[in-house]
Amino acid sequence: MAATAYEAPPPPPSAPPRPAPRRDAVRTWKWSHRLAFGTCWACGIALGLVCAAIVVYMGVRGVQYLNPRLLFTRPQPGLAQSTTGGILDPIVGTVILTIIGIAIAVPLAVVAAVWVVEYGRPAPLARAVESGIEVVAGTPDIVIAIFGLAIFQLPILAPVSFTASGGGVFGRSFLAAGSMMSLIALPLVFGAVREGLTAIPAHVREASWALGKTRVCTIREILLPQVRHNVATGAALGMGRIVGDTAVVVVLLGATLQIERQGSVPILGDLRGTGSTLTSYVYNASPAGEGNAPQKAYAAAFVLLLIVLFLNFAVDLLGRRRKETRA
Amino acid sequence: MLARLRQPWTDRQATWRLGAVACLVLLLITLMVVFVTVRAWPMLRANGWVSWLGPGGSVDDQLGRMIKTGQDPPDAAYHLRAWPLVYGTLLTTGVSVLIGLVFSVFSAIFIVEFAPARVRAVVVPAVRLLAAVPSVIYGLVGILVLAPFVGNHLISPGRKTSVQNVVQLDGTGVLVAIVVLTVMIVPIMIAIVVDALRAIPPAWTEGAAALGANRWETIWTVGVRAARPAIVAAAVLACARALGEAVALSMVSGSRGFSPNPVDGVTYLFEPIRPLAASMVENVDAMNAPAVKSSIYAFALLLLLSSLALSIGGYLAKLPLRRQGLRV
């Protein structure tokens, strides 16, 4: 009985009772770790405070100095702040410049991104294009502006810019500034579109090819509609950069007070003429510029900040919508 | 012509056409280097290629004299010693990137590891917003708020009179320039470091936690260590941004081609400087004089080559991360 009897398996070696998992409480840390923890919190809070301080301060000053009359009157040359008019021309200039810049940048960036992701052959060339766009992104805006001046002062490009009475080419106009602005927006749009294209799974393309569609057709009918959100995000980011850029405006747009038409043709003449944007207006109206009008600088900067905030919000919204549609 | 374009493209045509457009970027960069070099050539040749980077005389006087040298200046008219401007660029960029580096690493750790979800929901948009604020607004706040504060409260009248024969201390200067520049570049660095810290596989940090490391030890010894290449890349990118920052610095740096001497002690912090990029913006109106024009293009060439070098540096810095399979 004893040999064949069922023998209960020995109980598993009793492990020492595991201590209940303790929360990793900061109180138990070494003092140096606690110090680091505190530093992290301090840095984070400081960031929030700096941001809040800038927005609130600009908001208070903006509300204090901004009035509708300022928005709808043209700036005038003058010595006292009361006689220098409003900021209508800078606002119009900002809008025109942004439209030109983004209208050039978006098609170029989308084409470049599509080519790099979908064709990308020869591979070294595609990689070179990618790094080239990164180089453009890293180039200071002032260098891009000065380069633009060199290009648009060529006599062959005289028709697109402001020409002096003696026949000298100034190389300054909305067209010149807008085309250089497109270089500043290009890397952002390119990055966003490339991100979107690489996120599309390969089987989507393969399904389309299996149905007999060519690559071009796949791109146009399947892929591009899917990256519409990315194009919009990139465009909004690019617009933010264009709106906020000053160096290109000062160098290539002339930063004249009013929009000055070149020639007599209404729209084309304006595009060939010089003008200013909100950024260059703020720069010139600050104590660093010629027209010392800090109150108007605050008002213009407030409008500028509102535009940037709006674009930032738009990017956020686009990103959120995309996440929802994916999920 | 248009009718042919409107027909459905074949793949071969599309490759060619799209590729040609994409390669415009490369053409553009080449053009940029060529044009800027050609315009800078007379000044570089007249000054013996690199010796214009050295010290000697007042750079503002030299630029002022160039304006009067007429349309066909002799070689002697190109004389320029731009050390104060180079010094201003190196000083502002170097110090603000160093400060920004420490600050952004701690902030990134905060955002990724320590911040409660509610705080994070505030801080992350704040960083995004700080990165989007135009530089001219930072410059405006700097010149209308920070500079008067420094000028009225931090600089004693005695200090002002002690150097009044050399420079005016009105608040704009090294300190304000570095503060403004730091605030401008920190958001960019935080974004890169946060991305890298988030890209670290959870298994790595879980491993550390399983060995008994607390949260700080985990993020510091595993997270930050693994993200080191990204931190270097962030510093490099921030350098590129700081080098090229023209308008904000032209507003808050005091805008004088002056090289402060660290021997001056605390006064050093308040003395005016002017970086290269700011000098370019301010001298654009004087570009009718060929000598000034050539000098500005020489500055542009210097900035262009530095930013090219920094782009390559940033790429090289990220290589180790790519090798580990992290997408940064």
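Quick one: in region A:29-41, of everything that is of a type outside the set (D, E, K, R) and more than 8 Å from chain B (Cβ to nearest Cβ), which residue is farthest from the chain's Cα centre (by Cα)? Filtering region A:29-41 for residues that are of a type outside the set (D, E, K, R) and more than 8 Å from chain B (Cβ to nearest Cβ), the one farthest from the chain's Cα centre (by Cα) comes out as A:Trp31.
Considering (1) within 12 Å of chain B (Cβ to nearest Cβ); (2) modelled with pLDDT under 85; (3) in a helix (DSSP H, G or I), the lone condition that A:Trp209 does not fulfil carries the number (2). Checked against the criterion of being buried (at least 17 other Cβ atoms within 10 Å of the Cβ) and over 24 Å from B:Ala277 (Cα atoms), region B:155-175 contains one or more residues that satisfy it. Being among the hydrophobic types (A, V, I, L, M, F, W, C) and under 23 Å from the mean Cα position of the chain (by Cα) is the filter; apply it to region B:32-41 and report the residue that is nearest to B:Ala82 (Cα to Cα). Among residues in region B:32-41 that are among the hydrophobic types (A, V, I, L, M, F, W, C) and under 23 Å from the mean Cα position of the chain (by Cα), the one nearest to B:Ala82 (Cα to Cα) is B:Ala40. Could you tell me whether any residue of region B:296-305 is within 13 Å of chain A (Cβ to nearest Cβ), out of contact with any helix residue (DSSP H, G or I) (no Cβ under 6 Å at 6 or more places or on another chain), outside any helix (DSSP H, G or I) and surrounded by fewer than 20 Cβ atoms within 10 Å (Cβ to Cβ)? Scanning region B:296-305, I find no residue that is within 13 Å of chain A (Cβ to nearest Cβ), out of contact with any helix residue (DSSP H, G or I) (no Cβ under 6 Å at 6 or more places or on another chain), outside any helix (DSSP H, G or I) and surrounded by fewer than 20 Cβ atoms within 10 Å (Cβ to Cβ), so the answer is no. Looking only at residues of region B:84-107 that are within 14 Å of chain A (Cβ to nearest Cβ) and aromatic (Phe, Trp, Tyr), we find that the one that is surrounded by the fewest Cβ atoms within 10 Å (Cβ to Cβ) is B:Phe103.
For region B:195-245, filtered to residues that are of a type in the set (Gly, Ala, Ser) and closer than 24 Å to B:Pro275 by Cβ, the residue that is surrounded by the most Cβ atoms within 10 Å (Cβ to Cβ) is B:Ala234. Of the residues making up region A:265-293, those that are farther than 14 Å from A:Pro90 by Cβ, in a helix (DSSP H, G or I) and free of Cβ contacts under 8 Å to residues at least 60 places away in the same chain number 4.
Of B:Val284, B:Val263, all but one fail to be within 18 Å of A:Tyr283 (Cβ to Cβ) and of a type in the set (Val, Ile, Thr); the exception is B:Val284.
Among the residues making up region B:201-233, those that are over 22 Å from A:Phe37 (Cα atoms) and in a helix (DSSP H, G or I) are B:Ala203, B:Pro229, B:Val232, B:Ala233.
Among the residues examined, B:Val25 does not qualify as more than 8 Å from chain A (Cβ to nearest Cβ) and under 25 Å from the mean Cα position of the chain (by Cα). Checked against the criterion of being surrounded by fewer than 16 Cβ atoms within 10 Å (Cβ to Cβ), within 14 Å of another protein chain (Cβ to nearest Cβ) and within 26 Å of the chain's Cα centre (by Cα), region B:42-64 has no qualifying residue. Restricting to region B:261-284, name every residue that is away from chain A (no Cβ under 14 Å), surrounded by fewer than 24 Cβ atoms within 10 Å (Cβ to Cβ), in contact (Cβ under 8 Å) with a residue 60 or more places away in the chain and not in a helix (DSSP H, G or I). If the condition is that a residue be away from chain A (no Cβ under 14 Å), surrounded by fewer than 24 Cβ atoms within 10 Å (Cβ to Cβ), in contact (Cβ under 8 Å) with a residue 60 or more places away in the chain and not in a helix (DSSP H, G or I), then B:Glu271 is the only one that fits. Taking every residue in region A:139-153 that is in contact (Cβ under 8 Å) with a residue 24 or more places away in the chain and pairing it with any residue that is outside any helix (DSSP H, G or I), at least 6 positions away or on another chain, the pairs with Cβ-Cβ distances below 7 Å are A:Asp141/A:Asp245; A:Ile142/B:Ala246; A:Leu149/A:Gly171; A:Phe152/A:Ser161; A:Phe152/A:Gly171.
Considering only residues in region B:246-256 that are surrounded by 24 or more Cβ atoms within 10 Å (Cβ to Cβ) and more than 9 Å from chain A (Cβ to nearest Cβ), the one that is nearest to B:Ala309 (Cα to Cα) turns out to be B:Leu249. B:Ser135 - would you say it is modelled with pLDDT of 85 or more and hydroxyl-bearing (Ser, Thr, Tyr)? Taking the combined requirement at face value, the residue satisfies it. Of all residues in region A:93-135, exactly one satisfies the criterion of being aromatic (Phe, Trp, Tyr) and surrounded by fewer than 22 Cβ atoms within 10 Å (Cβ to Cβ), namely A:Tyr119. Does region A:105-129 hold any residues that are in a helix (DSSP H, G or I) and free of Cβ contacts under 8 Å to residues at least 40 places away in the same chain, and which are they? Those that are in a helix (DSSP H, G or I) and free of Cβ contacts under 8 Å to residues at least 40 places away in the same chain: A:Pro107, A:Val111, A:Trp115, A:Ala123, A:Pro124, A:Leu125, A:Ala126, A:Arg127, A:Ala128, A:Val129.
The values are calculated or read from the model by the stated rules, or taken from the named source; none is laboratory data. Just so we're clear, the structure is a prediction, and the values are computed from it rather than from any experiment. All Cβ positions, glycine included, derive from the backbone under ideal geometry; neighbour counts span all protein chains shown.
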